[in-house]
Amino acid sequence: AGEDDDEPMLEDEDESPIIDAICAKITDFAEFLASAGENNIGTCYGGSIAPLGSAKLRVIEFCYNLFRLNNKKINAEILKTNLLKVLVDLFFQYEWNNMLHNVIEKIVNNILEGDRQELKKNLLEETQLVT
């Protein structure tokens, strides 16, 4: 599968130290993404906004690859940390960020087109995606 494929990667049921290490950090990823942005920057109309930042965008891209792995242990940790809600909140918070929207759209499509009912339920019930 290529890097741009939206298909889930093959599910790996084997216990792995790498999977364990990733699961241990998912809470940190969610907290980092939910944290306040860096210094606000001024806008041409006199307001100010907090930029998303390239570090957060890279973490979101990494999260997309976690969803593509379709690993039961990782999926359970994603649900436990409410990472989907954080991601959807960022989608609406940064309404003009095309790159962010592209990655979040891939995540949503990956979930809706897959067979992971618990992630679908979380996406539709716990986020503000459908109101």
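In the set (1) more than 24 Å from residue 130 (Cα to Cα); (2) hydrophobic (A, V, I, L, M, F, W, C); (3) open to solvent by less than 10 Å² (accessible area, probe 1.4 Å); (4) in contact with a Pro (Cβ under 8 Å, 6 or more places away or on another chain), residue 26 fails one condition alone, (4). Within segment 105-131, the set of residues being touching a residue at least 24 places away in the same chain (Cβ under 8 Å), farther than 18 Å from residue 70 by Cβ and hydrophobic (A, V, I, L, M, F, W, C) comprises 129 only. Considering segment 91-111, the residues that are of a type in the set (A, V, I, L, M) and out of contact with any Lys or Arg (no Cβ under 8 Å at 6 or more places or on another chain) include one that is surrounded by the most Cβ atoms within 10 Å (Cβ to Cβ), namely 107.
Suppose we filter segment 112-131 for residues that are among the aliphatic types (A, V, I, L, M) and either surrounded by fewer than 19 Cβ atoms within 10 Å (Cβ to Cβ) or in contact with a His (Cβ under 8 Å, 6 or more places away or on another chain) (or both); how many remain?
Qualifying residue count, segment 112-131: 4.
Quick check on segment 71-80. Is at least one of its residues touching a Pro at 6+ places or on another chain (Cβ under 8 Å), touching a residue at least 24 places away in the same chain (Cβ under 8 Å) and farther than 20 Å from residue 32 by Cβ? No, segment 71-80 contains no residue that is touching a Pro at 6+ places or on another chain (Cβ under 8 Å), touching a residue at least 24 places away in the same chain (Cβ under 8 Å) and farther than 20 Å from residue 32 by Cβ.
Restricting segment 55-64 to residues that are in contact (Cβ under 8 Å) with a residue 24 or more places away in the chain and either of a type in the set (S, T, N, Q) or out of contact with any Lys or Arg (no Cβ under 8 Å at 6 or more places or on another chain) (or both), the residue that is farthest from residue 114 (Cα to Cα) is 56. Across segment 29-73, the number of residues qualifying as open to solvent by 80 Å² or more (accessible area, probe 1.4 Å) and among the small types (Gly, Ala, Ser) comes to 2.
The values are calculated or read from the model by the stated rules, or taken from the named source; none is laboratory data. Everything numeric here is computed off the predicted structure, so don't read it as measured data. Positions of Cβ are backbone-derived with ideal geometry, glycine not excepted, and every protein chain shown enters the neighbour counts. Ligands, DNA and RNA are excluded from the accessible area calculation, which covers all protein heavy atoms including side chains. Shrake-Rupley method; radii C 1.70, N 1.55, O 1.52, S 1.80 Å.
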